[in-house]
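Since every read-out is calculated from the coordinates, none of them should be taken as a lab result. Keep in mind that what you see is a predicted model, and the values were worked out from it rather than measured. Here the Cβ positions follow ideal geometry from the backbone for every residue, glycine too, while neighbour counts run over all protein chains shown.
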Amino acid sequence: MTPHGEPQAPAPLPDHRNVHDPRWQEVWARYARLTTPLRERGMTCDVQYGMSAWLVYAWPPGHDSVVIIGAQGGWLATHEAPAEDRTSMTVLYDSTASTEPLDLLNIGPLLSAIDALLARLPRAPSTPATAGVHVAEVPAPPPAVRGTRSRSR
């Protein structure tokens, strides 16, 4: 939703070599119940294998910070500081230490914690940030100059 309550287009799908790998596609589909609402919030998402588990990476709109979510015995969502300061990681949500039976399909509390983070972040342009892609400014070539010919008489 936009700040005015209007629906917005979901953030783009990842764009890397693994998107054509059947194993990655299977995992992406497995996490669709989580990535879909995150993308609807404008977050660019990806799934990658790391730390002995599949992780969901989600980049808030217009920010280079990242939310990492794992479902190993519960949901753990962390927020990493922007690239200039990777010294800070904040736990947004942690159900891994819960003594109650876990329902990994119930992502409502997890999404509420992420919504609280998004509300605290400065507003970004409505165009989602492209995850992991650096766009360099390329100077435009100088305009073509037409030569003038002098006529000899």
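Estimated at 0.36 nm per residue, the fully extended path between Arg33 and Val19 surpasses their Cα-Cα distance by 3.3 nm. Separation of the stretch 40-61 and the stretch 8-30, taken as the distance between their Cα centroids, equals 10 angstrom.
Summarising the label geometry, the points placed 7 Å from Cα in the beta-carbon direction at Ser98 and Glu26 lie 2.7 nm from one another. Taking the fewest neighbouring Cβ atoms within 10 Å as the starting point, the ordered list for Glu26, Glu100, Glu80, Glu40 is Glu100, Glu26, Glu40, Glu80.
Counting neighbouring beta carbons within 10 Å and listing from fewest to most, the residues Met89, Met43 come out as Met89, Met43. Extent along the principal axes, Cα only, for the stretch 17-120: 38, 36, 26 Å, with the longest axis given first.
If the segment from Glu40 to Asn106 were pulled out straight at 0.36 nm per residue, it would be longer than the present Cα-Cα gap by 22.0 nm.
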